[in-house]
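I have placed the structure first, in the form of structure tokens, so that the comments after it can refer back to it.
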Amino acid sequence: MLILELEKILGIATDQTEARMYDQIIFEIGAKGRQGYSLPKMTIRQKPLEKIIPKRFLRGKPAELPEISEPEAVRHFVHLSNKNYHVDKGLYPLGSCTMKYNPKVNEDASRLEGFAALHPQQESEDVQGALQLMYELSGALCEISGMSAVTLQPAAGAHGELTGMMIVRAYHEKRGNPRKKVLLPDSSHGTNPASSVISGYQAVQIKSNREGLVDLEALKSNLGDDVAALMLTNPNTLGLFESQITEVKKLLDEAGALLYMDGANLNALLGIIRPGDLGVDVMHFNLHKTFSTPHGGGGPGSGPVGVSKRLMPFLPVPQIEKKGETYYFNSRYPDSIGSVQAFYGNFGVMVKAYTYIRLLGPAGLKQVSRNAIINANYLLEKVKSAYEFPYSRRPMHEFVLSGDRQKKNGVKTLDIAKRLLDLGFHAPTVYFPLIVHEALMIEPTETESKQTLDAFADALLRIAGEAGETPEIVQKAPVTTPVGRLDEALAARQLQVKWVPES
Ligand SMILES: *Cc1c(COP(=O)(O)O)cnc(C)c1O
């Protein structure tokens, strides 16, 4: 940094200087033989590696590793992280994905040696604390959701859906007929139809009504004894509470079908309503969304599944149970769908969720959802004069705007999203749910202050203004980011991590 400044002052800085300082890949930094540490000379006799590890497991030639000093490594990665946008840097208003701030104390807890150094092959007598944590986390999730039992095995939301649909299938099979179809509202998350199809069902779309809720008539006309379940997100992806859910449940009961609830949006419901009390048969949680685990970039996540009493026999094994003061694994469930994950799931994520839940307690969790709802509605009120708001029911923790008005001036929702980057914000979810044209799906979450919400609202209002007066500014965005508009398909296939000076 300093060298670059100096070279700039002296007028000898070139594009290459800049490239060297900021954009080299790690293999180009450093020099042969440079190391990140210095250790005293060994005083014990070295044993050849071949004597310890069978030859067939040894490398033929040394691994090609970067040879750099510790400060070079630190600077390289801090520099990369600065280029990145993340929830520790600013608002991340992705609708549906709940990117909220994750308290650091969760990380401290998950890194306690007693947790982090466990090995999954240890005997259960030796890992009683970990089993207790999983047992109590399942119990807390049951209490929060009103479900009868919870498995912690699935590694993400979509994996939870798959597990849930396998349970649905096992239930119907046990009664003699697995059935053929799963019904899904047209506002459903893309993973829902995918999970239904992977579980061997035909996915059938149900229209939403003009208010953005499940259309009961459309539901009735598709229900029959070949329907295994309805997969409902609640609040749905428009951020609307499915207020007819008890009516929906009655219709499903009459057809012998089950109610699956996609619980990824539980951030709106904590302490306010319990899916189990609404008659939900099976649901998944997203610990990495609602219960504050860092996510994005591929995980790890955790997608526990909760079931009602009649589905308990089909849960994955092993289950964690308690007798007296002892926790143990129980696999003796003949109707179980089997195991869905290596060992017991992503334990570190469970520790974070457990810490978060214990820290907040029932009153704190309720306040989380109340604040999430208040924040979304505050933001909506500030911006809704400038954008179309197609479903006018009061939303819960997120809302969906349409960029249709801006599109008339040639400014697409994609342009609006890119312009937000110039103004220092991450973009919201765009073009989802599919039933809203030019959708902008915004979830501010409860962890944002009024000042941040005001600044984000100002940015959205400013862009709406620009779309009317200087659309080319929005169309050209972003101009302040390390790269401008990429061909996204090509960029994903031909990864170019090296900075090349523009000619
Ligand atoms: C995020 C999400 C999922 C999928 O969860 P993953 O952990 O990303 O697999 C499913 N449904 C809804 C509504 C979601 O928001």
Inset, instruction - For residues that are within 12 Å of G345 (Cα to Cα) and more than 16 Å from the ligand (Cβ to nearest atom), tally how many sit in segment 286-319. - result: 4
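Report whether or not L401 is in contact with a helix residue (DSSP H, G or I) (Cβ under 6 Å, 6 or more places away or on another chain) and either closer than 18 Å to P235 by Cβ or of a type in the set (D, E, K, R) (or both).
When the stated conditions are applied, L401 does not pass them.
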Inset, instruction - Examine segment 127-134 for a residue that is away from the ligand (no atom under 16 Å from the Cβ) and either over 29 Å from G271 (Cα atoms) or not assigned by TED's automatic domain parsing to the domain that holds Y344 (or both), and state whether such a residue exists. - result: yes
Inset, instruction - Could you please let me know if E211 is within 15 Å of the ligand (Cβ to nearest atom), in a loop (DSSP other than H, G, I, E, B) and over 21 Å from the mean Cα position of the chain (by Cα)? - result: no
Legend entry - Entirely in segment 302-353, the strands (runs of 3 or more DSSP E) that have 3 or more residues that are buried (at least 21 other Cβ atoms within 10 Å of the Cβ) and at negative phi: 305-307
Inset, instruction - Please tell me if A130 is in contact with a Leu (Cβ under 7 Å, 6 or more places away or on another chain) and either over 21 Å from P275 (Cβ atoms) or part of a loop (DSSP other than H, G, I, E, B) (or both). - result: yes
Inset, instruction - Taking E72 as the residue in question, decide whether it is outside the structural domain of E321 (by TED's automatic domain parsing), touching a residue at least 40 places away in the same chain (Cβ under 8 Å) and not hydrophobic (A, V, I, L, M, F, W, C). - result: yes
Inset, instruction - Could you tell me which of the residues D277, D253, D335 is of a type outside the set (A, V, I, L, M, F, W, C), more than 15 Å from the ligand (Cβ to nearest atom) and without any contact (Cβ under 8 Å) to a residue 40 or more places away in the chain? - result: D253
Inset, instruction - Pick out the one residue from A116, A156, A130, A149 that is within 22 Å of the chain's Cα centre (by Cα), touching a residue at least 40 places away in the same chain (Cβ under 8 Å) and closer than 21 Å to I357 by Cβ. - result: A156
Inset, instruction - Looking at (1) within 21 Å of K289 (Cα to Cα); (2) assigned by TED's automatic domain parsing to the domain that holds R274, find the lone condition where K322 falls short. - result: (1)
Inset, instruction - Find the residue count for segment 152-193, including only residues that are assigned to a helix (DSSP H, G or I) and near the ligand (Cβ under 10 Å from one of its atoms). - result: 8
Inset, instruction - Could you tell me whether segment 390-398 includes any residue that is among the aromatic types (F, W, Y), under 21 Å from the mean Cα position of the chain (by Cα) and not assigned by TED's automatic domain parsing to the domain that holds G157? - result: no
Legend entry - T151 being in contact with a Pro (Cβ under 9 Å, 6 or more places away or on another chain) and either surrounded by fewer than 22 Cβ atoms within 10 Å (Cβ to Cβ) or more than 15 Å from M261 (Cα to Cα) (or both): yes
Inset, instruction - Answer yes or no: is there a residue in segment 221-239 that is without any contact (Cβ under 8 Å) to a residue 24 or more places away in the chain and not in a helix (DSSP H, G or I). - result: no
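The values are calculated or read from the model by the stated rules, or taken from the named source; none is laboratory data. These numbers come from a predicted model, not from an experiment. Using ideal geometry, Cβ is built from the backbone for each residue, glycine included, and neighbour counts are taken over all protein chains shown.
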